[in-house]
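The values are calculated or read from the model by the stated rules, or taken from the named source; none is laboratory data. Computed from a predicted model, the values in this text were never measured in an experiment. Glycine gets a Cβ as well: all are built from the backbone with ideal geometry, and neighbour counts include every protein chain shown. To get the accessible areas, we keep the full protein, side chains included, count just its heavy atoms, and leave off ligands, DNA and RNA. Shrake-Rupley method; radii C 1.70, N 1.55, O 1.52, S 1.80 Å.
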Amino acid sequence: GCRCYNMDIVGKIVSGDFSGIIIRQKTGIDVELGELLVTRECNDYFIMQVFDVSYGSQIPERIRSLAAGLKLEEESNLSFLENELSNFILIILKPILFVSRNKYHLPKRLPKFFAAVERINEEDLKFLEKPNTPLYFGQIRSGSRILNIDVFLNGEDVLTHHMLISASTGKGKSNLVKVLTYNLLNESYAGLLIIDPHDEYYGRTKKGLKDHPNAISKIVYYSINPPPGANTLILDLRTIKPWHLTGIVPLTEAQIECIYLFYNRDKENWIENIVLAEKDDNVSIVTLDVLKRKFNNIFGISLENGQLSFRNNLFSNTSGSTTIKNVVEYLEKGKTVILDTSKLGGEVELMIGGIFAEGVFSKYRDLSFKGHLNEKPCISIIIEEAPRVLGKDVLDKGINIFGTIAREGRKFRIGLVAITQLPSLIPKEILANMNTKIIMGTEMSNERSALIDSSPQDISEESRNIASLDIGEALLTSTFSKIAIPLKVPDFGKIIKTNEKIIKDKTVIRGVDLE
């Protein structure tokens, strides 16, 4: 029962070693960078990936140069030099997997000399199974050809061990996040907190996560100007603690001391008391004045005619006392909470995200100490432009809650999904802690190096490939996958259309229930 194909041979192995197997390409066949090829040995086969292409020839270079010159000047007929047997293309492949009886592992030997190499087909990837807690990424890509094989990893592992999504502008990061989060609405193993600085995920004015069939039961949307049916994002000042500011709002030591002094005197009204204080024996007037200005900027709170005045609708001293508790409870039930922070300034937006992240972290740490953590869904926090809270310069000033989660979150089943164009700004040890990376088109070489150096797989040969990735093309590299998987992320708009059609067809056939 030896299954030896000869359908789509692209070349034969002529030399090489583990770092690169060289095949001679068959004339008239085109092969692309990043394409997946296989060479078969009866029922077993090697999967290999193209990482370089070069010219080869039997004819010495000086004769080729002379021939090209003669040809250019149209001196003579040199057809013998154009013979395909003498001039050819060499393809350099990297062996990535050896598959034997549906078991697969990293290759420990080379394929046979002169073995035929052919294009991969969908049958060859049937061993990729769908795990119990699936997280859908897209389909396998071979060069620019899309194979009808869905890529899933174990979602619980991926989300609790942190994920990095990196791409240059316009390469499809938002589309990818929509696809990931949309598919997670079918699952119950994870709660998601999406801090959305551009208000693009819910779909207030266009198609978005609200158009998922489970949206009513699974999505909770908060905004300072919510559409009908959504929640108002409003926080009671008394629910804010001094540590919500550290590592996010720049504070001097004197200011931090002043804050803790007031907090320890009155744990609930410390912000109001600082704003109302005219002077304090233990604090310099300058420090108090600077803090009042900062609080005015952040909380929109100031003193007018002896009364507290609130400039915006985000903070209040009369409502919003249960907002943090409610959000934590929704996440604990496996819901997706979207915080629209598009109308807030940078510092305020990050602080709000941090307040909720801190709420979740405290709750889950508490559950862990009581031994009830494993009954709960894991929680993933999605942050855009991640270096604003995980950047080297930010974390040098003091660890914020996002830095804490990046380092300790997995013990409490909480993970981050960090989205960025500039991974090089994130400290190396945090990058290395992000055990799954989805790398989309990245032109800048220092950004590519940061990703390649911190990747769970050896993708050192992929630099050129990463630079040339098109919109929606990606490389998925993860501790939870044997290989770095070339991906094509589907278009979110098309997923919505397909789902709407399925729902419509079901409704039409509702009279005769086919399920």
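Report, by residue number, each residue of the range 229-251 that is touching a residue at least 24 places away in the same chain (Cβ under 8 Å) and exposed (fewer than 14 other Cβ atoms within 10 Å of the Cβ).
Result: P250, single match.
Within the range 407-418, is even one residue on the phi < 0 side of the Ramachandran plot, more than 18 Å from the chain's Cα centre (by Cα), surrounded by 18 or more Cβ atoms within 10 Å (Cβ to Cβ) and aromatic (F, W, Y)?
Yes: the range 407-418 contains one or more residues that are on the phi < 0 side of the Ramachandran plot, more than 18 Å from the chain's Cα centre (by Cα), surrounded by 18 or more Cβ atoms within 10 Å (Cβ to Cβ) and aromatic (F, W, Y).
Select from the range 268-286 the residues that are open to solvent by 40 Å² or more (accessible area, probe 1.4 Å) and out of contact with any Lys or Arg (no Cβ under 8 Å at 6 or more places or on another chain) and write down the one among them that is nearest to T232 (Cα to Cα).
L276
Please go through (1) buried (at least 19 other Cβ atoms within 10 Å of the Cβ); (2) under 16 Å from the mean Cα position of the chain (by Cα); (3) hydrophobic (A, V, I, L, M, F, W, C) for L422 and return the number of the only condition it doesn't satisfy.
Condition (1) is where L422 drops out.
Restricting to the range 197-214, what's the tally of residues that are in contact with a Gly (Cβ under 7 Å, 6 or more places away or on another chain) and either surrounded by 22 or more Cβ atoms within 10 Å (Cβ to Cβ) or under 21 Å from N326 (Cα atoms) (or both)?
4
Taking the condition under 15 Å from V179 (Cα atoms) and modelled with pLDDT of 90 or more, does L487 pass? Even if it seems obvious, please write down each step before you answer.
Values: under 15 Å from V179 (Cα atoms): yes; modelled with pLDDT of 90 or more: yes.
Criteria met by L487.
For every residue, the table says whether it meets (1) among the polar types (S, T, N, Q); (2) touching a residue at least 24 places away in the same chain (Cβ under 8 Å).
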residue	(1), (2)
T323	yes, yes
L350	no, yes
D366	no, no
P377	no, yes
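Give me the pairs, please: first residue somewhere in the range 464-485 and closer than 23 Å to H162 by Cβ, second residue anywhere and aromatic (F, W, Y), beta-carbon distance under 9 Å, and either six or more positions apart or on two chains.
A474/F137; L476/F137; K482/Y104; I483/Y104; I485/F137
Consider only pairs whose beta carbons are under 8 Å apart and that are at least six residues apart or on different chains; among these, list those whose first residue lies in the range 211-225 and is more than 18 Å from D340 (Cα to Cα) and whose second residue is open to solvent by 50 Å² or more (accessible area, probe 1.4 Å) and part of a helix (DSSP H, G or I).
Short answer, once both residue conditions are applied: P213/I503.
Out of the strands (runs of 3 or more DSSP E) lying entirely within the range 117-196, which hold 2 or more residues that are of a type in the set (S, T, N, Q), open to solvent by 10 Å² or more (accessible area, probe 1.4 Å) and touching a residue at least 12 places away in the same chain (Cβ under 8 Å)?
Counting at least 2 such residues, we get 145-154.
I need the full set of residues from the range 445-468 which are over 18 Å from the mean Cα position of the chain (by Cα) and open to solvent by 30 Å² or more (accessible area, probe 1.4 Å), in order please.
Within the range 445-468, S445, N446, D458, S460, E461, S463, R464, S468 meet the criteria.
Would you please list the contacts, defined by Cβ atoms under 9 Å and residues six or more apart or on different chains, that run from a residue in the range 15-28 that is over 14 Å from S54 (Cα atoms) to a residue that is open to solvent by less than 50 Å² (accessible area, probe 1.4 Å) and assigned to a loop (DSSP other than H, G, I, E, B)?
F18/P107
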